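Just so it is clear, none of the values below were taken in a lab; they were calculated from the coordinates. Keep in mind that what you see is a predicted model, and the values were worked out from it rather than measured. Ideal geometry is used to build each Cβ from the backbone, glycine not excepted, and the neighbour counts take in all protein chains shown.
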Amino acid sequence: MPRPPERLLDRSGIARAALALVDEKGDFTMPELAAGLGVRPSSLYHHVEGKAEIVELLRAEVVQELDHTLLDADPWDEGLARWARTYRDLFAEHPKAIRMLATAPVRMSEVVDVYEKAVAAFLRAGFRDRDVLAVIVAVESFLLGSALDLVMPEGMIEVDEERHPGLSRCLAALPTGARRADQAFEVGLEALITGFRARLEARPV
């Protein structure tokens, strides 16, 4: 009996299938990915060199959903705040991908272009060359952590009211559900941007 024809593949379809596996399991293997696509593992290598390249494609698939034109806004801090909110919400849709993407080298030009755009925005705002990447890393680290916080279940900490009276009181004062994560995010974002403004104002003329 002849072998049934395999599905046609393209790099974008491979990336979307890999992202679906990561969303479900937190990782993927080449055999799992091939099975999900209805092809043999060897067929994947006609389109990609291996798993590392698929992770890069997966990253590009996620990042392309961001509106990077927000970084061009004037004033810079308002644009950054709007961009940060979309970034957090997007990665909150793919929380299991965060660890993989945060620890994989960035190599694809399309993704590096995003960092170039962010660098250009901070340089226009007046940040010094030596500060720009530190600012970007600080923002990205905060946003990825905030994306995870948004999908955390309630009741992540158990306290004894007598032993931890202050913590108990503060926990009771928190809003519930997504509003708790939103409050923490907005407080943190405001603190970051306020600190960045202070650095700009203190820079040598």
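Provide, as a two-decimal number, the C-alpha radius of gyration of segment 1-65 over 2.2 N^0.38 Å, N being how many residues it has. Walk me through the intermediate numbers first.
Values: Rg = 11.9 Å, N = 65, 2.2 N^0.38 = 10.7 Å.
Normalised Cα radius of gyration, segment 1-65: 1.10.
Over what distance in Å are the Cα centres of segment 56-115 and segment 12-33 separated?
If we compute the Cα centre of each part, the gap is 19 Å.
Select from segment 96-199 those trypsin sites (Lys or Arg not before Pro) which occupy a DSSP coil region and have at most 16 other Cβ atoms within 10 Å, ordered by residue number. Mind dumping the intermediate values first?
Numbers: sites: K96, R99, R107, K117, R124, R128, R130, R163, R169, R179, R180, R197, R199; in loops: R107, R128, R163.
Answer in residue order: R107, R128, R163.
Starting from the eigenvalues of the Cα gyration tensor, five times each then square-rooted, give me the equivalent ellipsoid semi-axes of segment 39-106, largest first, whole Å. Each step should come with its number before you reach the end.
Numbers: eigenvalues 192, 30, 19 Å².
The equivalent ellipsoid of segment 39-106 has semi-axes of 31, 12, 10 Å.
Report the GluC sites (Glu not before Pro) located in segment 1-110 that are in a DSSP loop and have at most 15 other Cβ atoms inside 10 Å of their Cβ, or state none.
On the way: sites: E6, E24, E32, E49, E53, E56, E61, E65, E78, E93, E110; in loops: E6, E49, E65, E93.
Answer by residue number: E6, E49, E65, E93.
Around R128, with a cut-off of 12 angstrom between Cβ atoms, what is the net charge of the other residues, counting Lys and Arg +1 and Asp and Glu -1? Don't skip to the answer; put the middle values down first.
Numbers: positive: R130, R199, R203; negative: D129, D131.
Once all neighbours under 12 Å are counted, the net charge is +1.
With a length cut of 27 Å (Cα positions projected on each helix's long axis) and a Kyte-Doolittle mean of at least -0.5, go through the chain and give me the DSSP H helices that pass.
Numbers: long enough: 129-150 (32 Å, 1.27); 178-202 (36 Å, -0.02).
Both cut-offs are met by 129-150, 178-202.
Can you give the Rg/Rh ratio of the chain, where Rg is from the C-alpha atoms and Rh is the Kirkwood radius?
Over the Cα atoms of the chain, Rg/Rh equals 1.07.
Among V137, S109, V63, whose Cα lies farthest out toward the positive end of the dipole of the chain, if unit charges sit on the beta carbon of Lys, Arg (+1) and Asp, Glu (-1)?
Of the candidates, S109 comes out farthest on the positive side.
If you consider only alpha-carbon coordinates, what radius of gyration and Dmax does segment 66-186 have, in Å?
17.5, 56
May I ask you to derive the relative contact order of the chain, considering only C-alpha pairs under 8 Å and at least 6 residues apart, and to give it as an integer percent?
Details: 151 pairs, mean separation 36.9, N = 205.
Relative contact order for the chain comes out at 18 percent.
How much net charge surrounds H47 when only the other residues with a Cβ under 11 Å from the Cβ of H47 are counted, with Lys and Arg +1 and Asp and Glu -1? Show your work: numbers first, answer last.
On the way: positive: R11; negative: D10, E49, E53.
Once all neighbours under 11 Å are counted, the net charge is -2.
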